[in-house]
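Undergrad: The structure under discussion is supplied below as structure tokens; questions concerning it will follow.
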Amino acid sequence: MNFWIWFPILLLAATFLPRYGLLTLYKDWRSAKEREQLEDALKHLLDREGQGRHASPESLAGTLNLPRAKITRLIADMESQGLLETHGSQLHLTAEGTRWAMHVVRAHRLWERYLADEARMPLNKIHDAAQKREHSFTEAQLNDLDAALGHPTHDPHGDPIPTREGKMPSAESQPITARQDEGPVRIVHIEDEPAIAYEQILAAGLRLGQVIRIIERTPGRIVLSDGETEYRLAPAVAANVGVATLPESEIAKTNAVPLADLSQDQRAEIVMLDDSVQGFTRRRFLDLGLTPGATIHPELGNFFGDPRAYRVRGTLIALRKDQAARIWVRPV
């Protein structure tokens, strides 16, 4: 009897409590969902403008997978907040819209950098994980993360990370399929969409910072080589590998070998750190004395092979094989 008296009261309380009621939780969830849609729309507009073109209601509907009626309401809401302007069928970001979009892109790419370098999450998993977290960072939290990572300039795919001032660094690259010469080039970007192409590139073993050459080109395949290994990709997949001409200062790297390949007590001179070494890891390497010109050699073995001890600048340091593989040296 008492239960049925108190049940409606308890139900109303659980539904309408100011902080923990179901209605409050639903409103919070809906507000977060609407913010995600708005920020995803801002990213789409920024991406289109970065390509030299403008978004439209149709392209926005396709990206967000929303019906036209909801897209119309979203555009009207963004206009009322001063985030975009419409010119015919084109959508243009305002200065405030660009600032907000840059914040979201910076959050996504910094978090990807953390997941790849510090959490050591597989590269084919970091995009979706970052997509879920990018909407929850404050400006102060991003600045702290940026500093903790050593102010990285690029994410694990090679995309530039916006600065705290909201500026997007320039990124010059071209698809490997667009190269006409067969000279050495450096991989500076690997497009992570579509995911199936990205996974094929990772499975082949290609990585940022790698120096490669085109050794065969046919309508059905492109064969790349780093001097030791050949990589065969379909042209449609290879088009997602962005490369840049190798600077003269890095030509020497073509004659270098990974530190992990040195035999016991073989001395070598450090040429450079691989471009894939970013953030906190790069700063730690430099603090350990792993700078160009320094002499280094393996000194102590390990029964299990990993990690391995190296002598550099009079100090003994331990490096895992995957870390030593990203330090380029020239045997002396």
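Undergrad: Among the residues that make up the stretch 26-35, is at least one of them surrounded by 12 or more Cβ atoms within 10 Å (Cβ to Cβ), assigned by TED's automatic domain parsing to the domain that holds LEU84, farther than 18 Å from THR86 by Cα and at pLDDT 85 or above?
TA: Within the stretch 26-35, one or more residues are surrounded by 12 or more Cβ atoms within 10 Å (Cβ to Cβ), assigned by TED's automatic domain parsing to the domain that holds LEU84, farther than 18 Å from THR86 by Cα and at pLDDT 85 or above.
Undergrad: Do we find a residue being surrounded by fewer than 18 Cβ atoms within 10 Å (Cβ to Cβ), modelled with pLDDT under 95 and assigned to a helix (DSSP H, G or I) anywhere in the stretch 225-234?
TA: no
Undergrad: In addition: Please go through (1) surrounded by fewer than 17 Cβ atoms within 10 Å (Cβ to Cβ); (2) free of Cβ contacts under 8 Å to residues at least 60 places away in the same chain; (3) not in a helix (DSSP H, G or I) for ALA244 and return the number of the only condition it doesn't satisfy.
TA: Every condition holds for ALA244 apart from (2).
Undergrad: Could you tell me whether LEU300 is touching a Lys or Arg at 6+ places or on another chain (Cβ under 9 Å), under 30 Å from GLU112 (Cβ atoms), among the aliphatic types (A, V, I, L, M) and not assigned by TED's automatic domain parsing to the domain that holds LEU208?
TA: For LEU300, the condition - touching a Lys or Arg at 6+ places or on another chain (Cβ under 9 Å), under 30 Å from GLU112 (Cβ atoms), among the aliphatic types (A, V, I, L, M) and not assigned by TED's automatic domain parsing to the domain that holds LEU208 - is not met.
Undergrad: Which one of the conditions (1) in contact with a Lys or Arg (Cβ under 9 Å, 6 or more places away or on another chain); (2) surrounded by 18 or more Cβ atoms within 10 Å (Cβ to Cβ); (3) assigned to a loop (DSSP other than H, G, I, E, B) does THR163 fail to meet, given that it meets all the rest?
TA: Checking THR163 against (1) in contact with a Lys or Arg (Cβ under 9 Å, 6 or more places away or on another chain); (2) surrounded by 18 or more Cβ atoms within 10 Å (Cβ to Cβ); (3) assigned to a loop (DSSP other than H, G, I, E, B), the one that fails is (2).
Undergrad: Can you tell me which condition GLY209 does not meet? The list is (1) in contact with a strand residue (DSSP E or B) (Cβ under 6 Å, 6 or more places away or on another chain); (2) in a loop (DSSP other than H, G, I, E, B), and all the others hold.
TA: (1)
Undergrad: Given the criteria of a type in the set (Val, Ile, Thr), modelled with pLDDT of 90 or more and surrounded by 14 or more Cβ atoms within 10 Å (Cβ to Cβ), does VAL277 qualify?
TA: The answer is no for VAL277.
The values are calculated or read from the model by the stated rules, or taken from the named source; none is laboratory data. Note that the coordinates shown come from a computational prediction; the quantities given were computed from them, not determined experimentally. When we count neighbours, we look across all protein chains shown, and the Cβ atoms used for this are built from the backbone with ideal geometry, even at glycine.
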